[in-house]
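For reference, the structure discussed in these notes is given below.
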Amino acid sequence: MAEKKLEKKKVEKPKEKDDGNDKITVTDAALATIIGLAAHEVPGVIGMSPANIKDGLKRILGVSDADEGVQVAKTASTTNVDMHVVVAYGVNIPVVADLIRDRVHYAARTYAGVELNNVRVHIAGVSRA
């Protein structure tokens, strides 16, 4: 019996051409919503405070959005977030702020694929829950 050696053929993958059609973009509004929802999950967070006049008018009119109090600023290479948060009375504010930062970084990276450079948490108020 003659033995035949099986030769492995090298299979080349077809070259992909980058025509710009396979790009995923997350809008600032979608990112702000993801960030707002992530912040609400942190124990000790009562809610968000209006970050600007537009958010304030929405609140007066009775429209509540998940992105209230979240401002996203993008440049060519960085993404920065400012959040205006109301926390519960009696919580350790620095610990809650650190938890918010960690949760927001995780949510942006995991759900949107966006690496945040700076997350600034502004404690806009303290309230009894």
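Pick out, in residue order, every one of the chymotrypsin sites (Phe, Trp or Tyr not before Pro) in segment 74-129 that is DSSP loop and has at most 15 other C-beta atoms within 10 Å; say none if there are none.
Answer by residue number: Tyr89.
Please find the FRET efficiency linking Ala124 to Val26, where r is the Cβ-Cβ separation and R0 is fixed at 30 Å, and quote it to the nearest 0.05.
Between Ala124 and Val26 the formula returns 0.70.
What order do you get for Thr110, Thr33, Thr25 when you list them from fewest to most C-beta neighbours inside 10 Å?
Thr25, Thr110, Thr33
Throughout, read-outs are computed from the coordinates displayed, never taken from laboratory work. Only a predicted model underlies this, so the values are computations on that prediction, with no experimental measurement involved. Cβ: placed from backbone, ideal geometry, glycine included. Neighbour counts: every protein chain shown.
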